[in-house]
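Report on the following structure.
The values are calculated or read from the model by the stated rules, or taken from the named source; none is laboratory data. Here the structure is a predicted model, which is why all the values come from computation and not from measurement. Here the Cβ positions follow ideal geometry from the backbone for every residue, glycine too, while neighbour counts run over all protein chains shown.
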Amino acid sequence: MTDVLTFGETMLRLSPPGTNRLEATDELAVYPAGAESNVAVAASQLGAEATWLSKLPDTALGRKVVRELRGNGVETEIVWSDAGRQGLYFVERGTAPRGTRVIYDREDSAVTTATAAELPLDRVREARTFYTSGITPALSDALAGTTAELLDVAGESGATTALDVNYRSKLWSPEEARETLTGLFPSVDVLVTAIRDAENVLGYDGDADEVAAALAEEWGFETVVVTRGEDGALAWNDGTIYEQEAFETETVDPVGTGDAFVGAFLARRLAGDAVTDALAYGAATAALKRTIPGDVAVVTREEVEEVLGEETAEIAR
């Protein structure tokens, strides 16, 4: 039985070294990059058996994605396709006053045609937790339908279903996202949302604790987690609000921070931790992720627990 099974697209991210410009570089680092696979990696690092489910082109680039994720402790369940392509995206990191720039090249990727009928539904049924994000149904009408079906299959089998709103303005409008995602909410047990997405996409006003309680009351979620960037995160669970501050970190690469938080939170809840402890593990894992280039939280549980213990080592000897 898989502890955490995630479903979505993983791209390959290409980035010039440091803060070099894309147009001027002759070197690109390549990283696996996808919200759902990022969550799977973080969950694996924090002790869960994690599987990433998707559809990939049967090409060298598709196989590279699988090789990278397996190297990070994640099992992969892949439908291989002779059609479609491997999604890519480019990240040009900048410092003030030049911000970080993201360019997507993911149109017609193989995963956009994935249907529930071709996916190994037995793996979904045996998972303890099924996770996806709002990015997945935004990629195509077909994937919107597939996402809904998989959430239903997982829920009917007794799995905990989890969804991160994870709004991307380059994929759809707030109105489109709200209509599709709220259509999925009745099949979701655990909702994760950034406070900005709760306000700008879902239309909820108020402080984070008020938003979490309102979402839980309207949709019947078991747990609502609201992330607040530098202000940390909080969770509503069984009528109680639990808060967690963010840990100090020196940011090298912020991409994937939220996914690291979610993966650690889910893993520790599956391990039986209380909501407060799971939030703390999530925040510590997110802080570590910001120190690591790429989208994936390549960390160890021991490192996370050092952060929780407020131990900072300049050099581990």
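Step by step: first the residues of region 49-74, then only those that are among the β-branched types (V, I, T) and free of Cβ contacts under 8 Å to residues at least 60 places away in the same chain, then the one that is surrounded by the fewest Cβ atoms within 10 Å (Cβ to Cβ). Which residue is that? Ranking the qualifying residues of region 49-74, first place goes to T59.
Going residue by residue through region 200-211, is there one that turns out to be closer than 17 Å to I241 by Cα, touching a helix residue (DSSP H, G or I) at 6+ places or on another chain (Cβ under 9 Å), assigned to a helix (DSSP H, G or I) and without any contact (Cβ under 8 Å) to a residue 24 or more places away in the chain? Yes.
Yes/no per residue for (1) polar (S, T, N, Q); (2) farther than 21 Å from L143 by Cα; (3) free of Cβ contacts under 8 Å to residues at least 12 places away in the same chain:
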| site | (1), (2), (3) |
| --- | --- |
| D3 | no, yes, no |
| F7 | no, no, no |
| S15 | yes, yes, no |
| L22 | no, yes, no |
| L28 | no, yes, no |
| N38 | yes, no, no |
| S44 | yes, yes, no |
| G47 | no, yes, no |
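Evaluating D259 against the criteria (1) acidic (D, E); (2) in contact (Cβ under 8 Å) with a residue 60 or more places away in the chain; (3) assigned to a loop (DSSP other than H, G, I, E, B) leaves one unmet condition, (3). Could you check, for region 140-163, whether at least one of its residues is in a helix (DSSP H, G or I), surrounded by fewer than 16 Cβ atoms within 10 Å (Cβ to Cβ) and among the β-branched types (V, I, T)? Checked against the condition, which is being in a helix (DSSP H, G or I), surrounded by fewer than 16 Cβ atoms within 10 Å (Cβ to Cβ) and among the β-branched types (V, I, T), region 140-163 yields no hits at all.
You will find that of A48, A117, A43, the residue that is under 20 Å from the mean Cα position of the chain (by Cα) and assigned to a helix (DSSP H, G or I) is A43 and no other. Of all residues in region 164-199 being of a type outside the set (A, V, I, L, M) and assigned to a loop (DSSP other than H, G, I, E, B), which is farthest from the chain's Cα centre (by Cα)? That would be S173.
Could we say that A235 is under 18 Å from R196 (Cβ atoms), part of a strand (DSSP E or B), touching a Ser or Thr at 6+ places or on another chain (Cβ under 9 Å) and of a type in the set (G, A, S) here? Criteria met by A235. If the condition is being of a type in the set (A, V, I, L, M), closer than 26 Å to T6 by Cβ and either free of Cβ contacts under 8 Å to residues at least 24 places away in the same chain or surrounded by 14 or more Cβ atoms within 10 Å (Cβ to Cβ) (or both), then region 75-101 contributes I78, V79, L88, V91. In this structure, D277 does not satisfy being of a type in the set (D, E) and in a loop (DSSP other than H, G, I, E, B). Would you confirm whether or not region 22-30 contains a residue that is surrounded by fewer than 24 Cβ atoms within 10 Å (Cβ to Cβ), closer than 18 Å to K289 by Cα and modelled with pLDDT of 95 or more? So far as region 22-30 goes, yes, one or more of its residues are surrounded by fewer than 24 Cβ atoms within 10 Å (Cβ to Cβ), closer than 18 Å to K289 by Cα and modelled with pLDDT of 95 or more.
Is it true that T112 is closer than 16 Å to T10 by Cα, of a type in the set (V, I, T) and at pLDDT 95 or above?
So T112 passes the test.
Looking across region 175-207, just one residue is under 10 Å from W219 (Cβ atoms), β-branched (V, I, T) and out of contact with any Ser or Thr (no Cβ under 6 Å at 6 or more places or on another chain), and that is T182. Reported count of residues in region 113-126, each being touching a residue at least 60 places away in the same chain (Cβ under 8 Å) and within 22 Å of L181 (Cα to Cα), is 3.
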